[in-house]
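Let me begin by presenting the structure, written as structure tokens, before commenting on it.
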């Protein structure tokens, strides 16, 4: 095959418009997940106070899991036949989570991460029906897993504040 020929689109039983719609939703989810990853890593580095050790360790566990999630989401977008966003500029336009440019208190860090996890869970829930409508079980499974993870982390963070 010469370089001038394009590769055929995926023929996986999902129409191009449906794949595009799902990939667009996943791109927002990817942006939110990456922004939450960056925020969580930032807070891991900068947390202080009497709960430093526990929060430092908890944030590390969370950002490591988010790093894996970012890869899974991006690869699903590619599997559907579309480019995955991968720049700060793209993520900034797509993400519903705002970066933190200051160093908040430990409780504010926990609150921001709780809210960020809830945002990602809501975004995944918005995309899920699009995947279910066309029997895209691969995407639906990924989204269900992400929702469960983010809901659990939000609960754990909320419990830390109580």
message: Within the stretch 147-160, does at least one residue satisfy the condition of being farther than 19 Å from residue 58 by Cβ and assigned to a helix (DSSP H, G or I)?
response: yes
- prompt: When the stretch 124-143 is examined, which residues are found to be surrounded by fewer than 15 Cβ atoms within 10 Å (Cβ to Cβ) and under 14 Å from the mean Cα position of the chain (by Cα)?
  reply: 126
- prompt: Among 73, 22, 110, 14, which is the only one that is in contact with a helix residue (DSSP H, G or I) (Cβ under 9 Å, 6 or more places away or on another chain) and more than 25 Å from residue 142 (Cα to Cα)?
  reply: 110
message: Between 26, 30, 66, 38, which is surrounded by fewer than 20 Cβ atoms within 10 Å (Cβ to Cβ), within 18 Å of the chain's Cα centre (by Cα) and touching a residue at least 24 places away in the same chain (Cβ under 8 Å)?
response: 38
- prompt: Do you know which of the residues in the stretch 98-121 that are farther than 27 Å from residue 50 by Cβ and buried (at least 16 other Cβ atoms within 10 Å of the Cβ) is nearest to the chain's Cα centre (by Cα)?
  reply: 120
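Residue-by-condition table, conditions (1) out of contact with any helix residue (DSSP H, G or I) (no Cβ under 8 Å at 6 or more places or on another chain); (2) in contact (Cβ under 8 Å) with a residue 60 or more places away in the chain:
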residue: 78; (1), (2): yes, no
residue: 89; (1), (2): yes, no
residue: 100; (1), (2): no, yes
residue: 103; (1), (2): no, no
- line: Scanning the stretch 98-108 residue by residue, the ones that are within 13 Å of residue 38 (Cβ to Cβ) and modelled with pLDDT of 95 or more total 0
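The values are calculated or read from the model by the stated rules, or taken from the named source; none is laboratory data. Note that the structure is a prediction, hence the values are computed from the model and not measured. When we count neighbours, we look across all protein chains shown, and the Cβ atoms used for this are built from the backbone with ideal geometry, even at glycine.
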